[in-house]
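Visitor: Starting off with a structure, shown below.
The values are calculated or read from the model by the stated rules, or taken from the named source; none is laboratory data. A quick note: this is a predicted structure, and the numbers were derived from the prediction, not measured. Ideal geometry is used to build each Cβ from the backbone, glycine not excepted, and the neighbour counts take in all protein chains shown. Note: accessible area is taken over every heavy atom of the protein model, side chains too, but ligands, DNA and RNA are not part of it. Shrake-Rupley method; radii C 1.70, N 1.55, O 1.52, S 1.80 Å.
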Amino acid sequence: MPGMTSYEALVRGEAPLLDAYLRTLDADDAPFTIPGHKRDAVFGRVVAGDVPLHGGLDSISLTGGVLVEAECRAALLWGADLARFSVGGSTHGNQALALAVGRPGDRVVVPRTLHRSLLLGLVLAGLEPVWLPTRVDPATGLPQGVRSADVAGCLRAHPDVVAVFVGDPTYVGSVGELSQIADLVHAAGLPLLVDAAWGAHFGFHPALPAHALRAGADALVTSAHKMLPAYSQAALVLARTERLDPARLQSAFEATHTTSPAGAVLASLDAARALLQLDGEAQLDGPVRLVAAARTRLAEAGLTVLDDVEATKLVVGLAGVGADGVAVGRELRQAGVEVELADRDWLVPVVTLADTEQTVGRLVTALVAAVQRHPGPPRQTVVAASWSVEPEIVLPPRDAFFAPAVTLGVQDAIGRVCVELVAPYPPGVPVLAPGERVTAEAVASLLAAQAAGTRIAYAADPTMQTLRVVA
Ligand SMILES: Cc1ncc(COP(=O)(O)O)c(C=O)c1O
């Protein structure tokens, strides 16, 4: 294959969608199908690689079966009965899982630190949450993995629930007791569904935890675009079908997926799967080693670095050196090394198998220099709004979402029932959710996060001067 390294050719040989994508790009075609840009027209480079699945990687009626073949290969690799490739991120995957269990009015166990996509999945499906308590590490104020004792407590107190959802790993890379949780959820005859958005690499390196299906879960959703080298929006839904109806899961997946998936997203997902299969451990050695070295250098510079999180996660604390993380994050962006999360106390740069000593070296040097430009007295870390929500549920999320609403000044909204979902982003954990009482604490923590420079997402009024509440 001219122009390809032998390694690229090897991956291509194992990845049917990648191969179909590259063949389509190289073909001398004059397509009379969507997308309307026909790969050049007006916008040049922006659309040059945009080939559809239907009528591009495969025929319009998918007679070649390349997507199914690629999904079967993924199912085999993860030990699933069913695998689906999504171009809608873990957002779509979580909503598909919510639509795949129970009926409107049924209750499910869910962590309150859930991503907003799962909460809106509950709205779509009409499911009602039984919240798992959030365990926060007292030393750091950051969320810990889900404990089996907490799940057991929820199941004892709410024997009517129809499924258990957990997030693993958490946003900061802490991991929970998944295999014990799977055992007790199964003993109750229920399915365990895992939002593993940040864990696409789990199970492919000895330094990393087993992936959720291996740990016993019935389904997992993961963003291949987060920890694997796949295109933005690429995500996987993987399931075992002993406790989940495969036909229902397929309909749930299709209900909320586009009918025009982008070939590049699917091809990159297939390529990422082939890479893990051919060479996962060697590829993941890179971030495991780079993160270990970065943790050492950052700790030597006086920064707090978490070491009880998964091996490729870099979580850097600034409270001990007094620097303001939002200002440091802004400087890092100016230096060309933007990080995923920068709030007052913590920075979370994402390191993946695409990084090198040079890129991580640049990050560490820029980070240490930016911190030194913002000295301050050491302070206590504050538990962020996202990890300290203790909701009072007044209405099911779906009822509140569709309830007649009024817009009130934010202080006047205290005590009323929220209609909207409001989340500092990242991490995208709702601090206010439909159906929950608006508390003075939640409003104060959102306003404090906003004043510190964090984006407050999804509120109808992004300035947070007003809130929509049940009329
Ligand atoms: C825990 C969690 N779940 C789901 C999502 C949604 O993922 P995506 O951006 O792929 O839709 C995110 C995004 O950050 C997340 O952190």
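Visitor: Those residues that are on the phi > 0 side of the Ramachandran plot and surrounded by 16 or more Cβ atoms within 10 Å (Cβ to Cβ), I need them from the stretch 401-429; list them, please.
Guide: Of everything in the stretch 401-429, just one residue is on the phi > 0 side of the Ramachandran plot and surrounded by 16 or more Cβ atoms within 10 Å (Cβ to Cβ), namely G428.
Visitor: Okay, moving on. Kindly provide the set of residues from the stretch 3-29 that are assigned to a loop (DSSP other than H, G, I, E, B) and either within 12 Å of A271 (Cα to Cα) or open to solvent by less than 80 Å² (accessible area, probe 1.4 Å) (or both), ordered by number.
Guide: M4, T5, A15, A27
Visitor: How many of the residues making up the stretch 266-304 are in contact with a helix residue (DSSP H, G or I) (Cβ under 7 Å, 6 or more places away or on another chain), of a type in the set (A, V, I, L, M) and open to solvent by 30 Å² or more (accessible area, probe 1.4 Å)?
Guide: Summing the residues that are in contact with a helix residue (DSSP H, G or I) (Cβ under 7 Å, 6 or more places away or on another chain), of a type in the set (A, V, I, L, M) and open to solvent by 30 Å² or more (accessible area, probe 1.4 Å) in the stretch 266-304 gives 2.
Visitor: The conditions are (1) aromatic (F, W, Y); (2) within 13 Å of the ligand (Cβ to nearest atom); (3) over 21 Å from P391 (Cβ atoms), and F165 fails exactly one of them. Which is it?
Guide: (3)
Visitor: Quick one: would you say V151 is closer than 23 Å to P427 by Cβ and either touching a His at 6+ places or on another chain (Cβ under 9 Å) or within 16 Å of the ligand (Cβ to nearest atom) (or both)?
Guide: no
Visitor: When residues of the stretch 95-131 are filtered for being open to solvent by 10 Å² or more (accessible area, probe 1.4 Å), closer than 30 Å to A15 by Cβ and within 10 Å of the ligand (Cβ to nearest atom), how many remain?
Guide: 2
Visitor: Another question about this same structure. Of all residues in the stretch 183-200 being open to solvent by less than 30 Å² (accessible area, probe 1.4 Å) and more than 26 Å from A234 (Cβ to Cβ), which is farthest from the ligand (Cβ to nearest atom)?
Guide: The residue in question is L190.
Visitor: Filter the stretch 201-213 down to residues that are open to solvent by 10 Å² or more (accessible area, probe 1.4 Å) and not aromatic (F, W, Y) and give me whichever is nearest to the ligand (Cβ to nearest atom).
Guide: Once the filter is applied, the top-ranked residue is P209.
Visitor: Right, here's the next one. Of the residues V291, V309, V360, V326, only one is at pLDDT below 95, aliphatic (A, V, I, L, M) and either more than 25 Å from G453 (Cα to Cα) or within 23 Å of the chain's Cα centre (by Cα) (or both); which?
Guide: That would be V326, the only listed residue that is at pLDDT below 95, aliphatic (A, V, I, L, M) and either more than 25 Å from G453 (Cα to Cα) or within 23 Å of the chain's Cα centre (by Cα) (or both).
Visitor: Test V350 against the stated conditions and say whether it is open to solvent by 30 Å² or more (accessible area, probe 1.4 Å), closer than 22 Å to G199 by Cβ and in contact (Cβ under 8 Å) with a residue 60 or more places away in the chain.
Guide: Taking the combined requirement at face value, the residue satisfies it.
Visitor: Report, by residue number, each residue of the stretch 44-63 that is under 17 Å from L269 (Cβ atoms) and either touching a residue at least 24 places away in the same chain (Cβ under 8 Å) or exposed (fewer than 14 other Cβ atoms within 10 Å of the Cβ) (or both).
Guide: Those that are under 17 Å from L269 (Cβ atoms) and either touching a residue at least 24 places away in the same chain (Cβ under 8 Å) or exposed (fewer than 14 other Cβ atoms within 10 Å of the Cβ) (or both): G49, D50, V51, P52, L53, H54, G56, L57, D58.
Visitor: Pull out all pairs, ordered by first then second residue, where Cβ-Cβ is under 8 Å, the residues are six or more apart or on different chains, the first lies in the stretch 136-163 and is of a type in the set (K, R), and the second is part of a loop (DSSP other than H, G, I, E, B).
Guide: R147/R135; R147/G176; R147/E177
Visitor: For the stretch 77-94, what are the residues that are outside any helix (DSSP H, G or I), open to solvent by less than 10 Å² (accessible area, probe 1.4 Å) and within 9 Å of the ligand (Cβ to nearest atom)?
Guide: The one that is outside any helix (DSSP H, G or I), open to solvent by less than 10 Å² (accessible area, probe 1.4 Å) and within 9 Å of the ligand (Cβ to nearest atom): S86.
Visitor: Under the condition of being open to solvent by less than 10 Å² (accessible area, probe 1.4 Å) and either among the small types (G, A, S) or over 18 Å from H115 (Cα atoms) (or both), which residue from the stretch 214-227 is farthest from the ligand (Cβ to nearest atom)?
Guide: The selected residue is D218.
Visitor: Next question. Exactly one condition in (1) farther than 17 Å from P261 by Cβ; (2) β-branched (V, I, T); (3) within 16 Å of the ligand (Cβ to nearest atom) is not met by V42; state its number.
Guide: Looking at each condition in turn, V42 falls short on (3).
Visitor: Something else about it: Find all pairs meeting these conditions: Cβ atoms under 6 angstrom apart; at least six residues apart or on different chains; first residue within the stretch 85-96 and in contact (Cβ under 8 Å) with a residue 60 or more places away in the chain and on the phi > 0 side of the Ramachandran plot; second residue within 10 Å of the ligand (Cβ to nearest atom) and open to solvent by 10 Å² or more (accessible area, probe 1.4 Å).
Guide: These pairs meet every condition: G89/Q233.
Visitor: Report yes if some residue within the stretch 242-251 is away from the ligand (no atom under 12 Å from the Cβ), under 23 Å from A212 (Cα atoms), in contact with a strand residue (DSSP E or B) (Cβ under 6 Å, 6 or more places away or on another chain) and of a type outside the set (A, V, I, L, M, F, W, C); otherwise report no.
Guide: yes
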